[in-house]
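Q: Sending over a structure as structure tokens; questions will come in a sec.
Any read-out appearing in this document is the output of simple, stated calculations on the displayed coordinates, not a laboratory observation. Not measured: the values here are computed from a predicted model. Please note: Cβ atoms are built from the backbone with ideal geometry, for glycine as well, and neighbour counts cover all protein chains shown.
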Amino acid sequence: MSNHEESDLKAEAPEAPEAPSTPADSKADMTQELEEARRKAAENWDLFLRTRADAENGRRRAVIDIENAHKYGIEKFARELLGVVDSLDHGLASHPEEEKGLREGMELTYKLLINTLEKFGIHLLNPLGESFDPMRHEALSTQVNNDVEPNKILIVVQKGFTLHDRLLRPARVIVSKAEAE
């Protein structure tokens, strides 16, 4: 056989199969695959938990938004009615006692309006004699008054209103202060 024939035989001969993998190599590969599968499973579980928590938070927010819409849906309407209450209040304050029929009609209308507002969670704030609370009252001025302890409301210039727990309008008041020394 010539060299040329020998090289042709070598070229035609199939390559030798790779050496079979040892049990240690396949065990390492399987361990690595198992760890990768566990890591992916942990990622997917974490993603599932986050998604479920987001969905639950969204559901809770929707329920709260619906409750607030029902509770405070009349806020704009209530603000508009405050002018009517103020007009009746001023009319009662300035109307003479001599005209009883007209005054009684105004008083009944005023009481009916206040009762109707209260049925819908709109409450009148008339803080005369109470301690001043800047979250519910607006101080227009202060007056020195030794008969009353400082920081008490002496005069209510305009009554305030709340809608459930939300302030619609603060009561506008004049507050007592101690005499300067």
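Q: Take the residues in the stretch 106-133 that are among the β-branched types (Val, Ile, Thr) and loosely packed, with under 15 Cβ neighbours inside 10 Å; name whichever of them is farthest from Ile74 (Cα to Cα).
A: Step one: list which residues in the stretch 106-133 are among the β-branched types (Val, Ile, Thr), which gives 109, 114, 116, 122.
This time we only want the ones that are loosely packed, with under 15 Cβ neighbours inside 10 Å, so: 109, 116.
Working: Thr109: 21, Thr116: 13 Å.
Among those residues, the one meeting the criterion is Thr109.
Q: Is one or more of the residues making up the stretch 134-142 among the acidic types (Asp, Glu) and either crowded, with 16+ Cβ neighbours inside 10 Å or outside any strand (DSSP E or B) (or both)? Break it down into steps so the answer makes sense when it comes.
A: First pass over the stretch 134-142, keeping only residues among the acidic types (Asp, Glu): 138.
If we keep only those that are either crowded, with 16+ Cβ neighbours inside 10 Å or outside any strand (DSSP E or B) (or both) as well, we get none.
Scanning the stretch 134-142, I find no residue that is among the acidic types (Asp, Glu) and either crowded, with 16+ Cβ neighbours inside 10 Å or outside any strand (DSSP E or B) (or both), so the answer is no.
Q: Now, a different point. Picking from His95, His90, which residue would you name as being surrounded by 10 or more Cβ atoms within 10 Å (Cβ to Cβ) and in contact with a helix residue (DSSP H, G or I) (Cβ under 7 Å, 6 or more places away or on another chain)?
A: Numbers: His90 fails: in contact with a helix residue (DSSP H, G or I) (Cβ under 7 Å, 6 or more places away or on another chain).
Exactly one of His95, His90 is surrounded by 10 or more Cβ atoms within 10 Å (Cβ to Cβ) and in contact with a helix residue (DSSP H, G or I) (Cβ under 7 Å, 6 or more places away or on another chain), namely His95.
Q: Sticking with this one: In the stretch 143-181, how many residues are polar (S, T, N, Q) and assigned to a loop (DSSP other than H, G, I, E, B)?
A: Keep residues of the stretch 143-181 that are polar (S, T, N, Q), which gives 143, 145-146, 151, 158, 162, 176.
Checking which are assigned to a loop (DSSP other than H, G, I, E, B) leaves us with 145-146, 151.
Of the residues in the stretch 143-181, 3 are polar (S, T, N, Q) and assigned to a loop (DSSP other than H, G, I, E, B).
Q: Is at least one residue of the stretch 72-80 closer than 30 Å to Glu179 by Cα, out of contact with any His (no Cβ under 6 Å at 6 or more places or on another chain) and surrounded by 10 or more Cβ atoms within 10 Å (Cβ to Cβ)?
A: no
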